[in-house]
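Engineer: Okay, here's the structure, questions in a sec.
The values are calculated or read from the model by the stated rules, or taken from the named source; none is laboratory data. Keep in mind the model is a prediction, meaning the values are calculated, not measured. Cβ coordinates were reconstructed from backbone atoms using ideal geometry, including for glycine residues, and neighbour counts include every protein chain displayed. Heads up: the accessible areas ignore ligands, DNA and RNA and are worked out on the full protein's heavy atoms, side chains in. Shrake-Rupley method; radii C 1.70, N 1.55, O 1.52, S 1.80 Å.
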Amino acid sequence: MVYVSYSKGTKSGGFQDTPTTLAGAEYKAEIARTTELGAKLGLGARGHVNIALFNTDVHNFQLGNFTGVQFVVDNIELNSKGVDLEVAWSLFKGLTAGFSGTYANTVNVHPSGAPTFYGSTVPFAPRWTGSASLNYSQPVGRRYEVTAGASVDVRTHVALTIASNTIIPPSQGYAKANLRLAFSIPETGLEIAVVGRNLNDERTQTFGFQTFPSVPGSYIVSTDEPRTVALQVSLRR
């Protein structure tokens, strides 16, 4: 199937508690318009390929920033264009490989406009994101089943704040490895699994802001969860 789509979405505006005039406290409603050209290709019983080219324009995008004292929301003109790709392929009975990824070039269209200090870079907008996985499932006897899944999640670096807060470093890119091993009894709905996330213990910054102005040159950042290993028991009826 090949398709072309156009969609429009809105998000209401509002007011923020800022030490400015009432007019300065208001932020405007967003209007997003997206055009997409895509294809969904079936590969018989072996898998499928989905691909889509997209272009999104957001008028009055509500960009939030924490100054260390308060949250401030301003409206900017945003554009994001790129491609989505998803592939699933059965290598042989019980073993499936998968990949999904997005390339998105997201920019502030008018960096020289008000507010002038934003620049063209948009926070929390990585250029590349994706995940690759291998999943295996195998019956054991007539009652039991074992499954195993391994995946790697990747992301390129992102800015954590607007361009004016240059003392806050960007969040670096990562590749995080995950693993899940499970034993189940399908007829009873019982499954016991060991789940490992971020097994290579990548420490990535997820949020950051400059501290109170009276402490110049200092900032605070928070990080994503470290290596985590958990036991998971589920019962489905």
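Engineer: Any residue in the stretch 6-17 that is touching a residue at least 12 places away in the same chain (Cβ under 8 Å) and under 28 Å from residue 81 (Cβ atoms) sitting within a Cβ distance under 7 Å of a residue that is of a type in the set (Asp, Glu) and assigned to a strand (DSSP E or B)? List the pairs, counting only those 6 or more apart or interchain.
Structural biologist: Listed pairs, sorted by first residue: 10/30; 11/30; 13/26.
Engineer: Looking at the stretch 141-168, which of its residues are within 20 Å of residue 220 (Cα to Cα), touching a strand residue (DSSP E or B) at 6+ places or on another chain (Cβ under 9 Å), without any contact (Cβ under 8 Å) to a residue 40 or more places away in the chain and open to solvent by 40 Å² or more (accessible area, probe 1.4 Å)?
Structural biologist: 157 - this is the single residue of the stretch 141-168 that is within 20 Å of residue 220 (Cα to Cα), touching a strand residue (DSSP E or B) at 6+ places or on another chain (Cβ under 9 Å), without any contact (Cβ under 8 Å) to a residue 40 or more places away in the chain and open to solvent by 40 Å² or more (accessible area, probe 1.4 Å).
Engineer: Scan the stretch 76-107 for residues that are among the hydrophobic types (A, V, I, L, M, F, W, C) and within 17 Å of residue 121 (Cβ to Cβ) and jot them down.
Structural biologist: Passing the criteria: 76, 78, 104, 107.
Engineer: Return the total of residues in the stretch 29-53 being more than 22 Å from the chain's Cα centre (by Cα) and either closer than 17 Å to residue 92 by Cα or open to solvent by 50 Å² or more (accessible area, probe 1.4 Å) (or both).
Structural biologist: The total comes to 9.
Engineer: Within the stretch 184-217, which residues are touching a residue at least 12 places away in the same chain (Cβ under 8 Å) and of a type in the set (Gly, Ala, Ser)?
Structural biologist: Result: 184, 189, 193, 196, 208, 217.
Engineer: Out of the residues in the stretch 179-229 that are of a type in the set (Phe, Trp, Tyr) and within 24 Å of residue 167 (Cα to Cα), which is surrounded by the fewest Cβ atoms within 10 Å (Cβ to Cβ)?
Structural biologist: The extreme case among them is 212.
Engineer: Among the residues of the stretch 216-237 satisfying the criterion of being touching a strand residue (DSSP E or B) at 6+ places or on another chain (Cβ under 8 Å) and basic (Lys, Arg), which is nearest to residue 188 (Cα to Cα)?
Structural biologist: Step one: list which residues in the stretch 216-237 are touching a strand residue (DSSP E or B) at 6+ places or on another chain (Cβ under 8 Å), which gives 218-225, 227-236.
From what is left, the residues that are basic (Lys, Arg) are 227, 236.
On the way: 227: 32, 236: 8 Å.
The extreme case among them is 236.
Engineer: Return the pair list, or none, for Cβ contacts closer than 6 Å from residues in the stretch 23-38 that are farther than 23 Å from residue 6 by Cα to residues that are open to solvent by 70 Å² or more (accessible area, probe 1.4 Å), at least 6 apart or on different chains.
Structural biologist: 25/15; 26/15
Engineer: Let me ask something additional. Before we move on, is residue 82 without any contact (Cβ under 8 Å) to a residue 12 or more places away in the chain and either under 30 Å from residue 209 (Cβ atoms) or of a type in the set (A, V, I, L, M, F, W, C) (or both)?
Structural biologist: Details: without any contact (Cβ under 8 Å) to a residue 12 or more places away in the chain: no; either under 30 Å from residue 209 (Cβ atoms) or of a type in the set (A, V, I, L, M, F, W, C) (or both): yes.
So residue 82 does not fit the description; no.
Engineer: Pairs please, first residue from the stretch 111-140 and modelled with pLDDT under 90 and surrounded by 15 or more Cβ atoms within 10 Å (Cβ to Cβ), second anywhere and assigned to a strand (DSSP E or B) and hydroxyl-bearing (Ser, Thr, Tyr), Cβ atoms under 6 Å, 6+ apart in sequence or on different chains.
Structural biologist: From the stretch 111-140, the pairs are 122/106.
Engineer: Select from the stretch 181-221 the residues that are in a strand (DSSP E or B), farther than 21 Å from residue 237 by Cα and of a type outside the set (A, V, I, L, M, F, W, C) and list them in ascending order.
Structural biologist: Correct list: 196, 197, 205, 206, 208, 210, 219.
Engineer: Which residue is least open to solvent (accessible area, probe 1.4 Å), if the candidates are limited to the stretch 67-100 and must be over 21 Å from the mean Cα position of the chain (by Cα) and among the hydroxyl-bearing types (Ser, Thr, Tyr)?
Structural biologist: In this case the residue turns out to be 90.
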